[in-house]
Amino acid sequence: MTRKISPAPALSGAVHLPGDKSISHRYAMIASIAEGPTRISNYSTGADCHSTLGCVRALGIEVTGAGTQFVIHGRGLDGLRRPAADLDAGNSGSTIRMLSGILAAQPFPTRIFGDESLSARPMRRVMQPLAEMGALIRARDGKFPPLEIHGGHLRPIDYAMPVASAQVKTCVLFAGLYADGETSVTEPARSRDHTEIALREFGASLRVEGRRISVAGRPKLEGRDVTVPGDLSSAAFFLAAALLVPGSSLSIPGAGLNPTRSALLDFLRGMGAHIRLPHVESHNGELVGEILVEYSLLTGGAIEGGLTAALIDEIPVLAVLGAATREGLVVKDAAELRVKETDRIRTVCENLRRMGIETEERPDGLVVPGQQRFHAARMDSFGDHRIAMAFAVAALAADGESEIHGAEAASVSFPQFWDTLAAVSGRPASSR
């Protein structure tokens, strides 16, 4: 599908976010191995999170409900059943990496695969610690999906992660739920802590000492009622759009404001963004609140080290925003972007250049000089939801009508994106 997007005079109104993808995945997986029903409100509408629900169902767990409201009827740590067919993770790296930690402890073999994009994403970072715990995992060329997992009795480990990754951390902690004793993960930089919060909510015994997280094996997890906050990564596109288009003012209610994710807000404020949080409260251990954002003249900045890990999903739209800042944007230590749904360093630079934006591609990042203007162009999502949405934002500030090919990719995380964008911009996007 191709979307045509016209420049917007200003953005105004309220943006209602889909449920947070990261939290939705985790709630569904933990609920499936908890005892009794878990009622999940505001579950993500994105395709990735529904891949997780499909895998849970295939493992013998009853899932009822529709839309954003689901009940997962957990059967306890030992209640999963051998699937009748291979598990399909679709496009979801979160599904295949995190669920592998649970599959590695099952007394039956499983095979989990994904689409063409996911099949090109390396899995060694989860395979290695799971092998240390006693699981046997085979992969195409030793590192790519599909994964054939032969699990069983796992031993606890004390694992030092070479690269910060919330997905890998989660995989090891999930496996640790089945081990006899305490499993620990030490991360080189702090990553999002939704897993730690969720495990505590469901009754796991967890200790956090600095960047070392430990979980006790064989807990009794109990189903409960939980509400998923709005997805801050989805909010990033509308934050950037409001900051980019003069005269804009947006309200984003119900957004997740977890401190390990709110680095985005801190970074934008550090560049001079007018962002306010008039009300914040806690739901199921997660901070939730309203974000108010207004058009701002930004200075620019640098993303490197631990900040790169914290902002890894937002870098495509921040690169777009960087071109309009006074000093531009520099991104370092982001080689992981090359093995996302696309090589996001390459695809971001490609689309920026199509819009007449000067940019420098580097092995582990990019440089986008500031004070540049966006020109109308034909762009490509390359099948990546974050690329599609990032360049929809860029198109709002262009000097004419732009096109985005493969616009349907946005549905992976934000199926309502195009309708929401049209509502707040007053510029309905046509499609063909």
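Report yes if A47 is surrounded by fewer than 24 Cβ atoms within 10 Å (Cβ to Cβ), hydrophobic (A, V, I, L, M, F, W, C) and within 18 Å of the chain's Cα centre (by Cα), otherwise no. When the stated conditions are applied, A47 passes them. Among all residues of the range 103-119, there is none that is under 30 Å from L287 (Cβ atoms) and either touching a residue at least 24 places away in the same chain (Cβ under 8 Å) or of a type in the set (D, E, K, R) (or both).
Only one of V339, V330, V280 is surrounded by fewer than 17 Cβ atoms within 10 Å (Cβ to Cβ), among the β-branched types (V, I, T) and either farther than 22 Å from S191 by Cα or without any contact (Cβ under 8 Å) to a residue 40 or more places away in the chain (or both). Can you tell me which?
Of the residues listed, the single one that is surrounded by fewer than 17 Cβ atoms within 10 Å (Cβ to Cβ), among the β-branched types (V, I, T) and either farther than 22 Å from S191 by Cα or without any contact (Cβ under 8 Å) to a residue 40 or more places away in the chain (or both) is V280.
Checking the conditions here, which among R218, R261 is in the same structural domain as A14 (by TED's automatic domain parsing), within 22 Å of T186 (Cα to Cα), basic (K, R) and touching a residue at least 24 places away in the same chain (Cβ under 8 Å)?
R261
The rows are residues; the columns are (1) touching an Asp or Glu at 6+ places or on another chain (Cβ under 9 Å); (2) modelled with pLDDT of 95 or more.
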| residue | (1), (2) |
| --- | --- |
| F108 | no, yes |
| I112 | yes, yes |
| E116 | no, no |
| L136 | yes, yes |
| E148 | no, yes |
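Counting only residues that are acidic (D, E) and more than 16 Å from the chain's Cα centre (by Cα), which one in the range 305-342 is modelled with the lowest pLDDT? Spell out how you get there, then give the answer.
Of all residues in the range 305-342, those acidic (D, E) come to 313-314, 327, 333, 336, 341.
Adding the requirement that they be more than 16 Å from the chain's Cα centre (by Cα) leaves 327, 333.
Working: E327: 98, D333: 95.
Here the answer is D333.
The values are calculated or read from the model by the stated rules, or taken from the named source; none is laboratory data. This structure is a prediction, so every number in the text was calculated from the model and none was measured. So basically every Cβ, Gly included, is an ideal-geometry build from the backbone, and we count neighbours across all protein chains shown.
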